[in-house]
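The values are calculated or read from the model by the stated rules, or taken from the named source; none is laboratory data. Note that this is a predicted model, so its numbers are computed, not measured. Note that we place each Cβ from the backbone using ideal geometry, even for glycine, and neighbour counts take in every protein chain shown. What goes into the accessible areas is simple: the full protein's heavy atoms, side chains included, and nothing from ligands, DNA or RNA. Shrake-Rupley method; radii C 1.70, N 1.55, O 1.52, S 1.80 Å.
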Protein chains: 2
Amino acid sequence: MASTRHVLVPWAHLVDRMGGEWPDGLRVDVYDGEGEPPRDLDDVELYVMPYANPGALALLDRLPSLKVLQVLTAGVDAVIGRIGPDVRLCNGRGLHDASTAELALGLMLAAQREIPHWAANQREHKWDPHFTRSLADSVVVILGYGSIGAALERRLLACECEVIRVASRPRPEENIYGPESLPELLPRATVVANVLPSTPATAKFVNAERLALLPDDALVVNVGRGATVDTDALVKEIASGRLRAALDVTDPEPLPADHPLWALPNVLITPHVAGGSSTFYPRAEKFVADQLRRFAAGEELANIVPH
Amino acid sequence: MASTRHVLVPWAHLVDRMGGEWPDGLRVDVYDGEGEPPRDLDDVELYVMPYANPGALALLDRLPSLKVLQVLTAGVDAVIGRIGPDVRLCNGRGLHDASTAELALGLMLAAQREIPHWAANQREHKWDPHFTRSLADSVVVILGYGSIGAALERRLLACECEVIRVASRPRPEENIYGPESLPELLPRATVVANVLPSTPATAKFVNAERLALLPDDALVVNVGRGATVDTDALVKEIASGRLRAALDVTDPEPLPADHPLWALPNVLITPHVAGGSSTFYPRAEKFVADQLRRFAAGEELANIVPH
């Protein structure tokens with residue numbers, strides 16, 4: 001019989017996804033990031049860190065036998081420096097794609113079809129239709145084209161949009177443009193969909209100069225990170241009535257109550273909820289179940305990231 | 001040289017879509033449904049009736065040589081009885097699909113991701129995130145599956161939904177169920193997307209009994225016709241907190257200011273704007289340009305409907 005390896009997972013019901021039994025060779029405890037963790041942590045080899053829970057991170061200091069850390073976020077900034085070089089680190093790349101892409105799409109549709117306006121009329125019991133913009137036939141420039149961008153693109157193509165892919169470096173064989181092409185691309189955009197991560201290279205990437213390249217009435221959508229946009233420059237373009245915006249992330253964040261963005265016309269703000277929908281958990285649970293099976297079988301794990 | 005045939009179109013700029021010249025053999029006048037029509041109407045053979053304009057219909061009585069009437073709506077109720085039996089009638093089937101399907105999708109995303117709630121918080125400058133439902137992983141039952149339903153389905157599949165097709169008669173070879181299957185299908189629905197036309201057979205099709213088959217928290221979307229839903233039964237299910245709704249059409253319509261639907265929680269109302277977006281015109285213009293070419297060339301026209 002194989003030796004038993006101790007693992008920590010965040011959900012007791014995960015066992016239901018594994019056919020009612022944990023894989024042979026694993027001893028599984030549940031720790032959801034709140035309350036008391038299990039007592040005996042000395043031999044924990046795999047820790048699936050609970051999502052969005054502050055207690056989760058503190059446990060890292062109490063796992064001397066840790067061999068694999070699985071986080072459920074795409075970014076790993078929070079754990080860098082908190083685990084030894086021999087600990088294998090796996091991230092949650094792909095688990096947030098559907099949730100983030102669908103909010104981006106929802107923001108675009110809401111802005112183009114004026115859903116906040118109709119909702120405001122609803123509060124006044126007012127039936128007062130007019131023609132609106134549409135999303136179909138739009139040209140959408142995706143900044144930071146990656147797995148979320150690809151998930152967004154699939155949705156946009158079904159919505160009869162043209163999609164232009166932009167990433168940090170051009171990859172002509174995948175029809176991906178680099179930033180040096182933006183002077184030709186941005187003037188064609190009906191919508192800019194920003195899914196850029198926050199790095200030193202992307203700070204205020206969407207600046208006054210690039211915003212000025214957009215045609216009148218273009219919609220700036222941000223589901224990436226607030227710091228990738230020069231907020232003052234964006235506020236100016238919106239206040240003048242030239243551009244519109246739908247923002248799930250802002251800089252600063254949370255947006256202070258006295259920030260001018262809140263009250264500008266043609267701005268829709270959601271409070272960083274792109275990844276936070278019910279579609280995350282089924283994907284995360286299926287992924288973790290698969291990782292546990294691979295771990296128990298001694299197979300190569302998925303989503304390994306260097307650190 | 002072929003004889004010249006007189007036609008009326010609603011847009012002067014249509015000539016730009018035809019390479020800058022009207023097709024040989026046509027004499028084209030423009031009438032947009034407002035103001036004075038052209039004087040000489042006796043020899044008009046083809047009339048492309050302006051969209052959503054009351055003057056358009058009155059002109060029908062002044063076209064003694066009419067051979068083809070092209071309307072831009074899918075329904076032809078308004079012109080039935082106003083043209084002779086020898087006049088060929090063509091409708092606008094397909095021209096509204098993208099606009100209607102994208103509003104249906106926008107309503108679903110807005111309801112699942114709580115965009116009206118975030119917009120209300122925005123008015124109070126309040127950043128207060130929470131987890132929401134998602135659209136991905138939903139099971140969407142489309143009632144009245146046709147060309148709009150197919151356009152909606154393409155969007156929903158890209159959004160990682162499962163789609164169940166229901167029409168007036170089952171067509172197993174196309175995976176289309178009939179109404180007799182609803183007792184098995186409705187309990188599986190996360191969302192019901194109603195795109196039913198208004199006919200005697202569809203009056204109050206979505207009744208108390210069928211609503212009762214839906215699981216708790218299901219979302220009822222209507223972009224078809226208000227009369228296909230038993231509004232009182234729907235109000236009851238929503239008022240009890242069991243179901244939610246996103247409605248572009250209502251019964252009665254316009255919805256009176258004192259109607260209970262306006263103020264129910266978990267209801268989103270748009271004022272019959274599904275077809276009314278900018279994506280309609282490019283499609284309508286391209287279609288009419290193609291019809292004119294076919295007419296000038298003596299070819300069979302598209303979208304002929306019996307009357």
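Looking only at helices (runs of 4 or more DSSP H) that lie completely in the stretch A:84-173, which have at least 2 residues being closer than 30 Å to residue A:301 by Cα? First the steps, then the outcome.
Values: elements: A:97-112, A:115-123, A:147-158.
So the answer is A:97-112, A:147-158.
Considering only the stretch A:85-108, state which residues are surrounded by fewer than 19 Cβ atoms within 10 Å (Cβ to Cβ) and within 14 Å of chain B (Cβ to nearest Cβ).
Within the stretch A:85-108, just A:94 meets the criteria.
Looking only at the stretch A:133-144, count how many residues are within 19 Å of residue B:99 (Cβ to Cβ) and either surrounded by fewer than 21 Cβ atoms within 10 Å (Cβ to Cβ) or more than 7 Å from chain B (Cβ to nearest Cβ) (or both).
First, pick out the residues of the stretch A:133-144 that are within 19 Å of residue B:99 (Cβ to Cβ): A:133-140.
Filter again for either surrounded by fewer than 21 Cβ atoms within 10 Å (Cβ to Cβ) or more than 7 Å from chain B (Cβ to nearest Cβ) (or both), leaving A:133, A:137-140.
Count: 5.
Looking at the stretch A:109-123, can you tell me whether even one residue there is open to solvent by 10 Å² or more (accessible area, probe 1.4 Å) and touching a Gly at 6+ places or on another chain (Cβ under 9 Å)?
Within the stretch A:109-123 (the criterion being open to solvent by 10 Å² or more (accessible area, probe 1.4 Å) and touching a Gly at 6+ places or on another chain (Cβ under 9 Å)), the answer is no, since none of the residues qualifies.
Can you go through B:268, B:261 and tell me which one is at the interface with chain A (Cβ under 10 Å from one of its Cβ atoms), part of a helix (DSSP H, G or I) and closer than 29 Å to residue B:137 by Cα? So that I can check it myself, show each step before the final result.
On the way: B:268 fails: part of a helix (DSSP H, G or I).
After applying the criteria, what remains is B:261.
Report yes if residue A:170 is open to solvent by 10 Å² or more (accessible area, probe 1.4 Å), over 20 Å from the mean Cα position of the chain (by Cα), more than 30 Å from residue A:41 (Cα to Cα) and within 11 Å of another protein chain (Cβ to nearest Cβ), otherwise no.
Numbers: open to solvent by 10 Å² or more (accessible area, probe 1.4 Å): yes; over 20 Å from the mean Cα position of the chain (by Cα): yes; more than 30 Å from residue A:41 (Cα to Cα): yes; within 11 Å of another protein chain (Cβ to nearest Cβ): no.
When the stated conditions are applied, residue A:170 does not pass them.
Filter the stretch A:27-52 down to the residues that are in contact with a helix residue (DSSP H, G or I) (Cβ under 7 Å, 6 or more places away or on another chain) and aliphatic (A, V, I, L, M) and list them by number.
A:41, A:46, A:48, A:49
Looking at the stretch B:43-68 only, could you name the residues that are part of a strand (DSSP E or B) and over 22 Å from residue B:276 (Cβ atoms)? Reasoning before the result, please.
Of the residues in the stretch B:43-68, the ones part of a strand (DSSP E or B) are B:44-48, B:68.
Residues satisfying the conditions are B:44, B:45, B:46, B:47, B:68.
Collect the residues in the stretch A:238-249 that are assigned to a loop (DSSP other than H, G, I, E, B) and open to solvent by 10 Å² or more (accessible area, probe 1.4 Å), keeping them in residue-number order. Working first, answer last.
Restricting attention to the stretch A:238-249, the residues satisfying the condition of being assigned to a loop (DSSP other than H, G, I, E, B) are A:240-243, A:248-249.
Listed by number, the residues that qualify are A:240, A:241, A:242.
Which pairs turn up if I take residues in the stretch B:262-278 that are in contact (Cβ under 8 Å) with a residue 60 or more places away in the chain and open to solvent by 10 Å² or more (accessible area, probe 1.4 Å) and look for partners that are of a type in the set (Ser, Thr, Tyr) and assigned to a helix (DSSP H, G or I) with beta carbon separation below 6 Å, at least 6 apart in sequence or on another chain?
Partner pairs satisfying both residue conditions: B:275/B:99; B:275/B:100.
Only one of (1) in contact with a Pro (Cβ under 9 Å, 6 or more places away or on another chain); (2) open to solvent by less than 50 Å² (accessible area, probe 1.4 Å); (3) within 23 Å of residue A:278 (Cβ to Cβ) fails for residue B:205. Which number is that?
Result: residue B:205 passes all but (3).
Being in contact with a Gly (Cβ under 9 Å, 6 or more places away or on another chain) and buried (at least 20 other Cβ atoms within 10 Å of the Cβ) is the filter; apply it to the stretch A:60-75 and report the residue that is nearest to residue A:301 (Cα to Cα).
Looking at residues that are in contact with a Gly (Cβ under 9 Å, 6 or more places away or on another chain) and buried (at least 20 other Cβ atoms within 10 Å of the Cβ), I get A:70.
Does residue B:40 fit the bill of being open to solvent by 60 Å² or more (accessible area, probe 1.4 Å) and either within 19 Å of residue B:306 (Cα to Cα) or not in a loop (DSSP other than H, G, I, E, B) (or both)? Talk me through it step by step, then tell me what you get.
On the way: open to solvent by 60 Å² or more (accessible area, probe 1.4 Å): yes; either within 19 Å of residue B:306 (Cα to Cα) or not in a loop (DSSP other than H, G, I, E, B) (or both): no.
So residue B:40 fails the test.
Condition check: touching a residue at least 60 places away in the same chain (Cβ under 8 Å) and more than 10 Å from chain B (Cβ to nearest Cβ). Does residue A:288 satisfy that?
On the way: touching a residue at least 60 places away in the same chain (Cβ under 8 Å): yes; more than 10 Å from chain B (Cβ to nearest Cβ): yes.
So residue A:288 fits the description; yes.
Kindly indicate whether any position in the stretch A:64-84 is under 21 Å from residue A:295 (Cβ atoms) and within 11 Å of chain B (Cβ to nearest Cβ). Talk me through it step by step, then tell me what you get.
Filtering the stretch A:64-84 for residues under 21 Å from residue A:295 (Cβ atoms) gives A:64-74, A:76, A:79, A:82-84.
Still in the list and also within 11 Å of chain B (Cβ to nearest Cβ): none.
No; the residues of the stretch A:64-84 include none that is under 21 Å from residue A:295 (Cβ atoms) and within 11 Å of chain B (Cβ to nearest Cβ).
Checking residue A:43 against (1) within 24 Å of residue A:197 (Cβ to Cβ); (2) modelled with pLDDT of 95 or more, which single condition isn't satisfied?
Result: residue A:43 passes all but (1).
Here are B:154, B:188: which of them is of a type outside the set (Gly, Ala, Ser), under 18 Å from residue B:93 (Cα atoms), modelled with pLDDT of 95 or more and open to solvent by 30 Å² or more (accessible area, probe 1.4 Å)? Working first, answer last.
Details: B:188 fails: under 18 Å from residue B:93 (Cα atoms).
Among B:154, B:188, only B:154 is of a type outside the set (Gly, Ala, Ser), under 18 Å from residue B:93 (Cα atoms), modelled with pLDDT of 95 or more and open to solvent by 30 Å² or more (accessible area, probe 1.4 Å).
Just one of the numbered conditions (1) away from chain A (no Cβ under 13 Å); (2) within 24 Å of the chain's Cα centre (by Cα); (3) not small (Gly, Ala, Ser) is not true of residue B:293; which one?
Only one criterion is unmet by residue B:293, namely (2).
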